[in-house]
Amino acid sequence: MIDLRSYFEPVGLDLYSDKDRWETTQIGRNIEKHSEDFFPDLKFSEIAIFNVPEYGGSKNSGEEEECRIRSSFYSLYYKNLPRISDLGTLKLMPARKESFKVIQKICKELIHNGIIPFVIGGGHDVSYAMYKSYALLDKFITLTTIDSKFDIGLEDDNLASFSHLGKIIAHKPSHLFHYTNLGYQSYFVSDIAIEMLDSMNFESMRLGELKASFHEVEPIMRNTDFLSFDISAIQSIYAAANFYAAPNGFNGEDACRIMRYAGVSDKVTAVGLFEYNPNLDSNNQTAYLCSQMIWYFIDGYRIRKNELNPNVKDCAKYTVAFEDGKNEITFYKSRISGRWWMGVPFRQEGSSNLQNYYVACSYGDYEMASKGEIPERWLRTLHKFIE
């Protein structure tokens, strides 16, 4: 593994110099942190946290010596913490383009070595650099964003928080197998944008729809490789430290539930938490919420089941045939965890044999199929293979 130390500033002196500051089970006592004379040995890390104070494409800013989320996170309690490293604060390059290349390089290295990069931003466009790290690894991924908007922008727009998704979609060659937006608010999104994503067999769930069926977040996270969370999707009363904060959105508990679902997912290999503005966090409430969101991700991670795909031998199998006589869907329910998948048939290039692509789903998808309706999640995936 390459030496990453030169890319980071150590955490604040007060966070590691006073050994008696943290109690035995506080995270600050148990996390490996980059100090002036020590850098974590990443060979033993499962999650690597670092903050990126890059706001060149955002109306937020973060001009301060130490990330407030870090100190709030260190103060939380957790028994039997996974092997987590805090790499510190990314050193920005003179040009944004160069900073983004460094982020790509770091995330590529971490993901390649089975370490989850947990990035605290910075503008939401840092997601573009994280996505490109998967492209460098030649991995096709599912990206899920928690955002009140789509951030598609216009074709001629420069890379920015409001346009980064458009840049990801336009990136060639594409490594975006699927995209899901959770929590968009209709008055922030044009019908044209919704229709465009739908025509690409991408997925979006309006805030009200999601709140009415919050359990559907679980299978979506099990299909996700990279989770990108814009805190402007959270109500301003819970996350006011954001230039784009609005009165409607997720509450603090919702945000933590989403992060726990992401932690439980065996497929999630990178997480970004973006648009935190410390200059607006006069009472540290947003920092406290963000630190608790990280805590819940870790809490979910601790109980991962190693069920990236269903082990068919450990599953109950249900086949639903439709009246048209052309379609049938096979569902798999894990006897170990109770989680559901459905098989989507496809042919690999050069092969005449059908194989199954497994899509995480919910019991609701099985109920829908049993009533004669083909689940939208199954159809969207099928279309990706036949188009």
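The values are calculated or read from the model by the stated rules, or taken from the named source; none is laboratory data. This is a predicted model, so every value here is computed, not measured. For neighbour counting, all protein chains shown are included, and Cβ atoms are generated from backbone atoms with ideal geometry for every residue, glycine included. Just so you know, the surface numbers come from the protein's heavy atoms only, side chains and all, with ligands and any DNA or RNA stripped out. Shrake-Rupley method; radii C 1.70, N 1.55, O 1.52, S 1.80 Å.
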Please identify the DSSP H helices in the chain that span no less than 20 Å along the helix axis (Cα) and have a mean Kyte-Doolittle hydropathy of -0.5 or more. 96-112, 285-301
In nm, spacing of pseudo-spin labels at E253 and N158 (7 Å Cα→C-beta vector): 4.3
Give me a comma-separated list of calculated 3J(HN,Hα) values for region 42-57, in order, Karplus coefficients 6.51, -1.76, 1.60 applied at θ = phi - 60°, integers in Hz, x for any Gly or Pro. 6, 4, 10, 8, 9, 9, 10, 9, 7, 9, 10, x, 10, 10, x, x
Would you mind checking which residues have amide H under 5 Å from N327's amide H? H placed 1.01 Å from N; only 5 or more apart, or other chain. F322
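In region 326-387, carbon and sulfur make up what percent of the accessible area (probe 1.4 Å)? Walk me through the numbers before you get to the answer.
Values: 1600 of 3590 Å².
Looking at region 326-387 in its full context, I get 44 percent from C and S.
Calculate, for region 125-227, the solvent-accessible area per residue in square angstrom, rolling a 1.4 angstrom probe over the heavy atoms of the protein chains. Don't skip to the answer; put the middle values down first.
On the way: 4130 Å² over 103 residues.
Solvent-accessible surface per residue comes out at 40 Å².
Cross-link list K333/K371; K211/K313; K139/K371; K101/K305; K172/K384; K79/K317: which exceed 28 angstrom alpha carbon to alpha carbon?
On the way: K333/K371 18 Å; K211/K313 35 Å; K139/K371 36 Å; K101/K305 34 Å; K172/K384 17 Å; K79/K317 38 Å.
Flagged as over cut-off: K211/K313; K139/K371; K101/K305; K79/K317.
By how many nm would the segment from D191 to R347 lengthen if fully extended, with 0.36 nm per residue of separation less the alpha-carbon distance? Numbers along the way, then the final one.
Working: separation 156, 0.36 × 156 = 56.16 nm, distance 3.42 nm.
Difference between extended and current length: 52.7 nm.
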Sort 378-384, 368-374 by packing, meaning the average of other beta carbons within 10 Å per residue, with the highest value first. 378-384, 368-374
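With a 1.4 Å probe and all protein chains left in place, how much accessible area per residue does region 342-387 have, in Å²?
Details: 2740 Å² over 46 residues.
Ligands and nucleic acids excluded, the result is 60 Å² per residue.
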For region 1-144, with the dipole built from +1 on Lys and Arg beta-carbon atoms and -1 on Asp and Glu ones, taken about the Cα centre, which of G121, G28, Y131 lies farthest toward the positive end? Y131
Report which label in (1) 55, 54, 40; (2) 66, 58, 45; (3) 69, 46, 42 holds the value of Cα extents along the principal axes in Å derived from the coordinates of this structure. (3)
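Let me have the relative contact order for the chain, percent, based on Cα pairs under 8 Å that are six or more residues apart.
Working: 749 pairs, mean separation 54.4, N = 387.
Normalised by residue count, the contact order of the chain is 14 percent.
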Work out from phi, with θ = phi - 60° and the Karplus expression 6.51 cos²θ - 1.76 cosθ + 1.60, the ³J(HN,Hα) of each residue of region 221-232, listed in order in whole Hz, and give x for Gly and Pro. 5, 5, 9, 9, 9, 10, 9, 10, 10, 8, 5, 5
Near the amide H of I116, under 5 Å away, which other amide H atoms are found, from residues 5 or more places off or on another chain, if H is placed in the peptide plane? I47, A48
For region 202-294, the dipole about the Cα centre with charges only on Cβ (Lys and Arg +1, Asp and Glu -1), to the nearest 20 debye, works out at 100
So, in nm, how far is label E46 from label A170 when the simple model puts each one 7 Å beyond its Cα toward the Cβ? 4.0
In debye, nearest 20, what is the charge dipole magnitude of the chain about its Cα centre with +1 on Lys and Arg Cβ and -1 on Asp and Glu Cβ, if you could check? 1080
Just grab the label-to-label distance for S370 and L76, each label 7 Å out from Cα along the Cβ direction, in nm (one decimal). 3.7
Find the relative contact order for region 314-369 and round it to a whole percent, using C-alpha pairs within less than 8 Å whose residues are 6+ positions apart. 26
Given Cβ charges of +1 for Lys and Arg and -1 for Asp and Glu, the option among P94, I386, T180 whose Cα lies farthest towards the positive end of the dipole of the chain is I386
Mind checking region 123-173 for chymotrypsin sites (Phe, Trp or Tyr not before Pro) that DSSP puts in a loop (not H, G, I, E or B) and that have at most 16 other Cβ atoms within 10 Å? F140
